[in-house]
Amino acid sequence: MHGTYTLRGAARNFIGGEWIAEAETMPAVNPATGETIGALPKSSRETAAKAVAAAKAAAPSWAATPVFKRAEMCVAIGAAIDAEREAIARLLSLEQGKILAEAMGEVGKAADGFRLAAELVKQMGGQTLPAEDPTKLVMTLRQPRGVYGVITPWNFPVNIPVEYLAPGIATGNAIVWVPAPSTSLVACALMEVIEKAGLPAGVVNLVIGEGATAGDAVVVHKDVAAIGFTGSAATGRRIAERGAGKPMLLELGGNGPVIVYEDADLDAAAAAAAGGAFFNAGQVCAATGRVLAHFSIVDDLCAKLTVHAQKHVLGDPFHQGTTMGPLNNAKVAAKVKEHVDDAVANGATVLAGGKPRPDLGGSLYFEPTIVRGVTREMKLNREETFGPVVPVIAFKDEAEALDLALDSDYGLSVGVFTRDVARGVEVAKAIPAGIVNINSGSTYWEIHLPFGGGSNTKSGIGRLGGMHTMEAMTELKMVTVTIDPKAAAR
Ligand code: NAD
């Protein structure tokens with residue numbers, strides 16, 4: 001397709017600075033049409049182990065490379081991404097299904113992510129600490145953890161990898177990256193651009209394949225010091241078990257409520273809730289998982305949400321005028337349909353959309369959907385739908401709103417709409433989510449801000465974003481110096 005990033009050869013693994021083919025392959029598919037658009041390596045556990053060995057070999061010299069040189073490399077990678085921004089964005093649209101405007105935004109943010117890591121690593125320091133013992137000088141150092149395993153999903157297949165790759169490279173780690181199979185062409189494109197910017201061989205190694213094989217081999221490998229994983233709660237749990245004892249960043253699912261009180265600006269609430277459900281066809285961990293609306297405004301809010309849903313033009317992301325593309329894969333498409341069907345079968349009402357649209361050219365299109373009358377036990381309320389659906393649940397008072405919000409296994413991101421900011425802050429304090437946005441939707445975040453799941457929820461462990469990732473990807477080492485050993489002995 002015109003202007004789309006073209007890989008230098010077939011999609012291959014990148015190990016120790018070499019592009020290497022794998023005997024077994026799997027297809028790359030265009031979700032808009034179902035057409036095969038390439039062949040991908042289906043890497044074995046042995047291939048993953050070779051990538052770990054390459055990272056291990058590269059780790060000491062990269063760790064020893066001065067911080068300012070590593071920062072320069074991140075700036076160079078950011079510029080290299082910018083230079084290919086539109087071409088990469090087109091490949092991202094082709095393989096992931098998102099519209100080009102969203103893909104352009106994603107690739108632009110990826111370049112920003114490298115520049116941010118370059119800035120932060122130059123400011124990252126340890127501390128000197130007071131000690132009871134007067135003969136001691138106590139300090140802390142930040143050191144790379146070594147070989148870092150990074151496993152990423154398909155919903156933001158450029159940005160999410162960069163959330164680990166940029167701080168990982170900046171802080172001196174060597175990385176083995178296993179991207180989601182359904183977005184591995186764009187992973188190859190990003191890897192090519194990083195290589196072209198001059199990253200030394202072995203600092204980032206790309207292994208394409210199924211998570212349960214290639215990803216698992218990385219998680220359990222004895223030479224992999226730490227794991228960064230973004231994906232589903234179920235896989236996150238498995239990785240936590242398989243890699244028990246390793247430091248981990250686990251960024252998992254969400255089912256973020258957007259709570260709309262009776263005093264809210266309903267236009268703003270409807271726009272944010274719809275935006276958070278339809279952006280990227282709803283395949284966003286912080287998406288509007290459900291809307292909890294006060295009974296007195298629920299009719300108005302539903303009317304406004306319906307207008308937003310009906311404005312969207314569903315179709316091939318490359319067609320003129322399309323505002324929402326297909327879902328990325330059959331698994332997510334089946335789940336979205338199952339959740340909507342379950343709600344309808346149990347008495348909910350579809351106000352807009354509600355159906356798959358195979359007539360649009362493939363099996364993965366699902367209409368922007370508003371469902372009213374959702375109840376607690378419905379899958380739309382209980383589980384993460386990960387599609388373009390706004391389930392609306394009415395509440396009668398503040399206590400019920402909070403109870404509904406808290407009645408969830410997830411705790412990632414929440415939106416609260418009220419003109420009473422004190423009430424908003426009370427809700428923010430009460431909900432065990434990592435992020436609460438008052439008077440904006442659940443998806444608001446910027447790349448330097450802390451992002452992650454609340455404690456004892458299924459949404460993950462740790463915080464991504466800016467200095468938080470830099471800290472998570474480094475070892476905090478305490479070093480003490482006995483200034484006067486003779487005095488210490490006395
Ligand atoms: P997934 O868990 O199915 O897959 C994620 C990655 O894990 C893929 O690369 C996959 O190949 C790999 N994988 C699968 N099984 C594995 C195993 N046994 N061992 C190691 N790796 C394995 O998730 P998905 O469907 O690709 O992504 C969607 C999910 O990601 C949603 O739940 C979404 O909420 C979540 N997500 C979270 C965030 C966040 O920052 N919290 C961001 C984006 C997506």
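The values are calculated or read from the model by the stated rules, or taken from the named source; none is laboratory data. Predicted model, so just to flag it, every value in this text is computed and none were measured. Using ideal geometry, Cβ is built from the backbone for each residue, glycine included, and neighbour counts are taken over all protein chains shown. With ligands, DNA and RNA removed, areas are computed over all heavy atoms of the protein, side chains included. Shrake-Rupley method; radii C 1.70, N 1.55, O 1.52, S 1.80 Å.
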Seminar exercise, completed: Subtracting the Cα-Cα distance of Ala83 and Val313 from 0.36 nm times their residue separation yields 79.8 nm
Problem set entry | segment 294-336 residues near the modelled Thr33 label - backbone nitrogen below 12 Å, point 7 Å along Cα→Cβ | 316-319
For this session: Of the listed pairs Lys337/Lys379; Lys98/Lys379; Lys335/Lys355, which have alpha-carbon separations greater than 20 Å here?
Result: Lys98/Lys379
For this session: Would you compute, from DSSP H runs of 4+ residues alone, the mean residue ellipticity of the chain at 222 nm, taking -39500 (n - 2.57) per run and dividing by the full residue count, rounded to the nearest 500?
Result: -12000 deg cm²/dmol
Exercise. Where in segment 109-123 is the amide nitrogen less than 19 Å from a point lying 7 Å along the Cα-to-Cβ axis of Glu72?
Worked result: 114-123
For this session: Please work out how much length the chain gains when fully extended from Glu377 to Asn456, using 0.36 nm per residue of separation minus the C-alpha to C-alpha distance, in nm with one decimal.
Result: 26.3 nm
Problem set entry | Percent carbon-and-sulfur accessible area, the chain, ignoring ligands, DNA and RNA, probe 1.4 Å | 55
Seminar exercise, completed: Dividing the surface of the Cα convex hull of segment 257-447 by four yields a projected area in nm² of 10.3
Seminar exercise, completed: Output ordering of 381-388, 266-273, 342-349, 165-172 (per-residue mean of other Cβ within 10 Å, highest first) is 165-172, 381-388, 266-273, 342-349
For this session: Determine which lysines satisfy two conditions relative to Lys222: a Cα distance under 28 Å, and not lying fewer than 8 residues away in the same chain.
Result: Lys42, Lys50, Lys56, Lys246, Lys458, Lys477
Seminar exercise, completed: Residues meeting the amide H criterion for Arg357 (H placed from the backbone, H to H distance under 5 Å, 5 or more places apart or on another chain) are Tyr365, Phe366, Glu367
Exercise. Could you list log10 I(q)/I(0) for the chain at q = 0.13 Å⁻¹, which the Debye formula gives when each Cα is one point scatterer?
Worked result: -1.19
Exercise. How many nm separate the modelled label positions at Asp341 and Ala244, each set 7 Å beyond the Cα in the direction of the Cβ?
Worked result: 3.8
For this session: Please give the contour-minus-distance gain from Asp397 to Ala268: 0.36 nm per residue of separation, less the Cα-Cα distance, rounded to one decimal in nm.
Result: 44.3 nm
For this session: Find out how many positive minus negative residues lie around Gln127, taking Lys and Arg as positive, Asp and Glu as negative, among other residues whose Cβ is under 13 Å from that of Gln127.
Result: +1
Exercise. Ranked highest first by average number of other Cβ atoms within 10 Å, how do 325-332, 154-161 line up?
Worked result: 154-161, 325-332
Seminar exercise, completed: Given 213-221, 357-365, 177-185, the highest-first ranking by average Cβ count within 10 Å works out to 177-185, 213-221, 357-365
For this session: List the residues whose amide H sits under 5 Å from the amide H of Ile20, counting only those 5 or more places along or on another chain, with H placed 1.01 Å from N in the peptide plane.
Result: Asn13, Phe14, Ile15
For this session: Taking the Cα centre of the chain as origin, sum charge times position over the Cβ atoms of Lys and Arg (+1) and Asp and Glu (-1), and report the length of that vector in debye to the nearest 20.
Result: 1340
